[in-house]
Amino acid sequence: MTQETLILVKEFRPTPVSWRPYVTPVDLDRATPEQLEAMKVTPSNRKVSYYTLTLAHDPEILTVRSPLFNDIMYHRGGLSRANRELAATQTSVVNGCFYCASVHAARYIQLSKAPDDIEILFARANDQQTDVQKKAITAVAQQLSRATPTLHKQDVEALAAQNLSAEEIVDLIFSTALFGWANRLMHSLGQAVEN
């Protein structure tokens with residue numbers, strides 16, 4: 001990686017930001033067969049991200065992480081893709097992960113065509129959300145993302161009252177938990193920077 005001046009991202013927004021690792025990522029030209037195999041299972045076919053190249057230092061873990069990520073975020077059925085992205089965005093806001101918040105907010109807007117939902121979320125003004133299902137989803141994602149997560153029977157009942165099935169509720173918990181882990185890992189390994 002070349003020496004460059006990096007400007008840290010300091011606000012949430014649904015437009016692209018970059019992520020730069022603290023450690024030198026794996027060089028694709030020098031990657032081991034195991035590292036190349038692990039990176040092959042990532043969802044992107046266009047370019048290998050700095051994040052994936054950094055995770056490739058431990059190919060055994062990356063080989064498990066990528067399919068798990070894909071299964072949670074992209075499987076058919078259960079919670080809609082848009083609402084999984086909404087939960088991932090809320091989780092990333094709670095955890096202060098500017099990179100993940102920008103990526104998943106943009107995906108949510110693309111899927112839902114509802115940029116106002118992200119404005120409300122970034123303003124931390126969930127009480128202004130008029131869609132009660134989205135309000136319940138972001139409230140649970142927020143609760144599960146705190147340093148001491150909480151989820152009570154009445155929270156699950158509130159989701160069910162908004163016509164979320166048991167499968168959708170499990171998907172919400174999985175996507176929130178996945179991003180609670182991913183945000184913390186990204187914070188440990190690097191930082192969000194301006195493009």
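The values are calculated or read from the model by the stated rules, or taken from the named source; none is laboratory data. Keep in mind it's a predicted model, so treat the numbers as computed, not measured. Positions of Cβ are generated from backbone atoms using ideal geometry, with glycine treated the same way; all protein chains shown enter the neighbour counts. With ligands, DNA and RNA removed, areas are computed over all heavy atoms of the protein, side chains included. Shrake-Rupley method; radii C 1.70, N 1.55, O 1.52, S 1.80 Å.
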Rg [Å, one decimal], Dmax [Å, integer] - region 85-166, C-alpha atoms: 12.3, 33
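By the scheme Lys and Arg +1, Asp and Glu -1, what is the net charge of all other residues having a beta-carbon under 12 Å from that of I137?
Working: positive: R84, K134, K135; negative: E85, D117, D131, D155, E168, D171.
Computed value for this residue: -3.
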Share of carbon and sulfur in the accessible heavy-atom surface of region 84-132 [1.4 Å probe, %]: 49 percent
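Keeping all protein chains in place, calculate the accessible area per residue for region 103-180 (probe 1.4 angstrom), answer in Å².
Numbers: 4200 Å² over 78 residues.
Normalised by residue count, the accessible surface of region 103-180 is 54 Å².
Taking Cα pairs under 8 Å and at least six residues apart, what relative contact order does region 137-195 come out at, in percent?
Working: 22 pairs, mean separation 20.2, N = 59.
Normalised by residue count, the contact order of region 137-195 is 34 percent.
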Gain on full stretching of the segment that runs from E119 to L28 - 0.36 nm per residue minus C-alpha separation: 29.0 nm
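Just by accessible area at a 1.4 angstrom probe, what is the order of R146, R20, R84 from largest to smallest?
Numbers: R146 110, R20 45, R84 0 Å².
I get R146, R20, R84, largest accessible area first.
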Area accessible to solvent at F98, 1.4 Å probe radius, in Å²: 50 Å²
Computed magnitude of the charge dipole of region 7-82 (debye, nearest 20; Cβ of K, R +1, Cβ of D, E -1): 460 debye
Size of electric dipole in region 51-195: Cβ of Lys, Arg +1 and of Asp, Glu -1, about Cα centre, debye, nearest 20: 60 debye
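How far, in nm, would the chain grow between L151 and I7 when pulled straight, counting 0.36 nm per residue and subtracting the alpha carbon separation? Provide the component values of the computation, followed by the final result.
Numbers: separation 144, 0.36 × 144 = 51.84 nm, distance 3.69 nm.
That works out to 48.1 nm of additional length.
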Of K10/K113; K10/K134; K47/K113; K47/K134, pairs whose Cα-Cα distance is over 29 Å: K47/K134
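Using a cut-off of 13 Å between beta-carbons, work out the net charge of the residues near A161 (Lys and Arg +1, Asp and Glu -1, A161 not included). List each step's numbers first, then the result.
Values: positive: K135, K153; negative: D155, E157, E168.
That works out to -1.
Sorting E37, E194 by accessible area (1.4 Å probe), largest first, what list results?
Values: E37 90, E194 70 Å².
Correct descending sequence by accessible area is E37, E194.
If contacts are Cα pairs under 8 angstrom and at least 6 residues apart, what is the relative contact order of the chain in percent? Each step should come with its number before you reach the end.
Working: 266 pairs, mean separation 64.7, N = 195.
33 percent.
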Spin-label model distance (nm) - R184 vs Q162, 7 Å beyond Cα toward Cβ: 2.5 nm
